[in-house]
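Structure first, commentary second.
The values are calculated or read from the model by the stated rules, or taken from the named source; none is laboratory data. Keep in mind that this is a model prediction, so the values were computed, not measured. No Cβ is skipped: glycine too gets one built from the backbone with ideal geometry, and neighbour counts run over all protein chains shown.
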């Protein structure tokens, strides 16, 4: 009976994966010599390939995924295939500074290539992973624990202090939001002029009038933080956004007041206060009902009021 089941299983696999589909761990129809990425932050990632194949190529597709995103991103390479030597060289640029394609520094990127041949067969390369850093600076170092890695430049003592506070936060919040295996990666910037090109823009008005001290990217498990006297509060606030996103599995769109309220609940810097902004909002009759506080207002002053309400 067992032998019959095994024969049926192999027959089923042969039917599902016919011979014209060739995977990277089977017959080497493509000799991969170079398969690398080059990051030109904040503009683009360049995917590069060099190798050989006797088969005529129709297309080369790059599939890649950022962090825990559920959807793949992809693009097609420009390639040259020489008939006399079977040599192939190809490249693809992917813009990372657009609203739809934005990728923050610290993101883990997994990628592979699919070769489509004119005989209908395919070849899939082994998946590779890398951490995309802000390549405008080449002197990044990091400190880490089991759950957090912090990239920094120059100030190791500050990075260690942030690591300690963030680990305490994770321990405190574990009974509420649970514990997770994926490491959170934080990039610590020394000043705003360095950081501004790394953050996702909300609006031209906000960019001009409101300094963004931190930003979280739940699907990438990435946090960006501006170093300064309030960086502990910023870091713990942003990490809570990651934890809330993980706890809801990214499937629930939380209203702003709840999302920011939970993040401020986790803020370990108790010197931060929004009382002045709330007093101004009350005095000018500009407090919104919570039912309407679903997204940030366009006015930077009202954005700070919204944090206080939350």
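When restricted to residues that are in contact with a strand residue (DSSP E or B) (Cβ under 9 Å, 6 or more places away or on another chain) and either at positive phi or surrounded by fewer than 22 Cβ atoms within 10 Å (Cβ to Cβ) (or both), region 234-270 contains 2. Considering only residues in region 200-214 that are modelled with pLDDT of 85 or more and surrounded by fewer than 20 Cβ atoms within 10 Å (Cβ to Cβ), the one that is farthest from the chain's Cα centre (by Cα) turns out to be 212. Every condition in (1) in contact with a helix residue (DSSP H, G or I) (Cβ under 8 Å, 6 or more places away or on another chain); (2) more than 12 Å from residue 185 (Cα to Cα); (3) in a strand (DSSP E or B) is met by residue 111 except one, and the failing one is (1). Restricted to helices (runs of 4 or more DSSP H) entirely inside region 128-243, those with at least 1 residues that are touching a helix residue (DSSP H, G or I) at 6+ places or on another chain (Cβ under 7 Å) are 156-177, 204-209.
Here the condition is being at pLDDT 95 or above, closer than 18 Å to residue 109 by Cβ and not assigned by TED's automatic domain parsing to the domain that holds residue 246; of 187, 125, it holds for 125 alone. Among the residues of region 130-171, those identified as farther than 30 Å from residue 46 by Cβ and touching a residue at least 60 places away in the same chain (Cβ under 8 Å) are 155, 158, 161, 162, 165, 166, 168, 169, 170. Total residues in region 273-310 satisfying the condition of being surrounded by 15 or more Cβ atoms within 10 Å (Cβ to Cβ) and not in a helix (DSSP H, G or I): the figure is 8.
Can we say residue 221 is without any contact (Cβ under 8 Å) to a residue 12 or more places away in the chain and within 23 Å of the chain's Cα centre (by Cα)? So residue 221 does not fit the description; no. Taken over region 143-155, the criterion of being surrounded by fewer than 20 Cβ atoms within 10 Å (Cβ to Cβ), farther than 17 Å from residue 182 by Cα and either at pLDDT 95 or above or in the same structural domain as residue 49 (by TED's automatic domain parsing) (or both) is satisfied by 153 alone.
The one condition from (1) touching a strand residue (DSSP E or B) at 6+ places or on another chain (Cβ under 6 Å); (2) surrounded by 14 or more Cβ atoms within 10 Å (Cβ to Cβ); (3) at pLDDT below 95; (4) over 22 Å from residue 196 (Cβ atoms) that residue 101 does not meet is (4).
For the condition surrounded by 14 or more Cβ atoms within 10 Å (Cβ to Cβ), in contact with a helix residue (DSSP H, G or I) (Cβ under 9 Å, 6 or more places away or on another chain) and assigned by TED's automatic domain parsing to the domain that holds residue 110, residue 64 does not qualify.
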